[in-house]
Amino acid sequence: MTDKQKNIQKLQAENDRLKHLVDDLTILNDLSRAMSSTLGVQEIMATIISKSIQTIGVEQGTIMLVEENSQTFFRTLIRGVGEDHQGKLYKFGEYLTGWMLNHLKPFLCNDITSDDRLRGLKIEKSGIHSILSVPMILRGKLIGVINLFNKNAGAPFTEDDQKLMYIIATQVASFLANARSFEQVQESRELLQKQTIQLQKEVGARYGFEGIIGKSSRIIEIQEELKSLAKTPASVLIIGETGTGKELVAKTIHYNSERQDKPFVDVNSAAIPENLVESEFFGIEEGTATGVKKRIGLFEQANGGTLFIDEIGDMSLASQAKILRVLQEREIRRVGSNHNIKVDLRIIAATNKNLKQAIEKGSFREDLYYRLSIFEINLPPLRQRKEDIPLLLEAFVQKYANQTGKVITGFTPEATEILTNYEWKGNVRELANVVERAVILAQTQLIGIEHLPPEFGNEPAPPVPTGDSFEEVVNHFKKQVIIKALQASGNNKAEAARNLKISRAYMFRLLNQFGIR
């Protein structure tokens, strides 16, 4: 062979190599463009396996993705013969994927009957003659496998086929990982939307106007007032004794207003020390003092929504002045800042004090009162609307029976009469606590006099520690009941719950609440 012929052969070989390289790059480019057009995992998988079968020229192919935190493969996609196995789940080690999981490198076999690596795998009776399998690896972790199969002994896989498929697997691994992440985000978003809709329904049911329970003329008036008031941006002042339901009214206004999808932020101003009022309401910049971190204040937290300030009658005059300025200017400045921040929020305030008397005494600002009381709601004490008590009893029995898992239909006529005629100094809150206690004790469908606290006349009242609130006394009683039940059951919580006729979930919630171990 002459030198000229040798040179021609070399040029031809180089030309074939370059042509083959161009073909490979074209395939990769087409595959990349096809995958870039979708974020669906199934669509990407279908594109990968279809292109691979077409490129290599085989009868069948599968692509399998590893299920996270599991010992199975999932989303199996098959192209070619045998598509009836589509979607089947395979455990690690049953097929070639078991070898791939252990070795994380390409596998090429042109005669499966003579390859010891396949011994013991469920593949001998498949009729397959040759296999090419490549791993999809992302950040050192196997995320899936591409398998190509041939039953034709005259069409073996080549090293070039293996190199091309390994390049494809490497390229598509990140596409698939991103697609899976996108699908998970979409699923989480859809779940969140469903949960949001469900929560909105629950909030609507809980804070609808009918949530202000009663049939007395004053309660009916309040319900009508709230229907008109809720749709306006007006500030509201709620006046009523402790336990009359001021916060419930505030939430009803918020959740039936145009701000219902925005934050509802509540604060008991009497619980905030005077030296912290400004930073709590207005926020504070980082570095204002040594070790101080930036904190968003209540006004900013409620921006766009509603800020409910309870016990505003207990605020100092200096703090009242700060609240008034926000109502007038609709802007705030964090402690340590030189910049003002615009805020759009509705303020609902509440108090159990007579603010007009406080104005006369000089302990409450008259200008703040008129700013707050654009609309004023006076909640009557429970003793002035006794006709509402049977309805409240029914509602609270249903609520606490559901919580404890008991079947309780209500109170006996004698117990209802006693509760209706009782002078409720703690108002609706006290009534709710009495009903909860009775539901815990009751072992029958009807709650009787014997289930009421001693002060209702069924037995002498035990001494109450000085300074304890009614709620603290009730909680103390609950704790003692649970401890006795545990002692009687030999510390068997499930048995104690059965003896008390309450659910196990409620028992464990009470154990956590009172720190009983």
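Note that region 315-320 has calculated 3J(HN,Hα) couplings of 6, 6, 4, 5, 5, 4 Hz, one per residue in order, obtained from phi through the Karplus relation 6.51 cos²θ - 1.76 cosθ + 1.60 (θ = phi - 60°); glycine and proline are x. For the listed residue pairs Lys251/Lys361; Lys194/Lys493; Lys215/Lys399; Lys353/Lys399; Lys246/Lys356; Lys194/Lys399, the alpha carbons are over 28 angstrom apart in Lys251/Lys361; Lys194/Lys493; Lys353/Lys399. As a proxy for reagent exposure, Trp424, Trp99 were ordered by neighbouring Cβ count within 10 angstrom, fewest first; the result is Trp99, Trp424. In percent, how large is the relative contact order of region 384-514, given Cα pairs closer than 8 Å and 6 or more residues apart? Relative contact order of region 384-514: 25 percent.
Kirkwood radius for region 246-296, taken over all pairs of different Cα atoms as the inverse mean of 1/r, rounds to 13.3 Å. Rounded to the nearest whole Hz, the Karplus-based 3J(HN,Hα) values (6.51 cos²θ - 1.76 cosθ + 1.60, θ = phi - 60°) of region 131-147 follow the sequence 9, 10, 10, 10, x, 9, 10, 10, 6, x, 10, 6, 10, x, 9, 9, 10, with x at glycine and proline.
In terms of Cα atoms, the Rg and Dmax of region 390-517 work out to 14.4, 41 Å.
Extension gain Glu455-Asn492, at 0.36 nm per residue separation less the Cα-Cα distance, in nm?
My answer for the length gained is 10.1 nm.
Once backbone amide H atoms are built at 1.01 Å from N, Gly297 has Gly283, Ile284 as its partners under 5 Å, excluding neighbours fewer than 5 places away on the same chain. Amide H to amide H, with H built 1.01 Å from N, Leu379 comes under 5 Å of Ile239, Gly240, counting only residues 5 or more places away or on other chains.
Percent of Cα pairs in region 208-380 per distance bin of 5 Å, from zero to the largest separation: 2, 8, 17, 21, 19, 15, 9, 5, 2, 1, 0, 0.
A straight chain from Leu138 to Val185 at 0.36 nm per residue would run longer than the Cα-Cα distance by 15.0 nm. In this simple spin-label model, placing a label point 7 Å from the Cα along the Cα-to-Cβ direction at both Leu327 and Tyr370 gives a separation of 1.1 nm.
Using the Cβ-Cβ distance between Glu360 and Gln480 with R0 set to 45 Å, the FRET efficiency from 1/(1 + (r/R0)^6) comes to roughly 0.45. For region 369-374, the Karplus equation 6.51 cos²θ - 1.76 cosθ + 1.60, evaluated at θ = phi - 60°, returns couplings of 4, 6, 5, 7, 9, 3 Hz by residue, with Gly and Pro reported as x.
Computed from the coordinates by the stated procedures, all read-outs in this text should not be read as laboratory data. Values in this document were obtained by computation on a predicted structure and should not be read as measured data. Neighbour counts run over all protein chains shown; Cβ positions are idealised from the backbone, glycine included.
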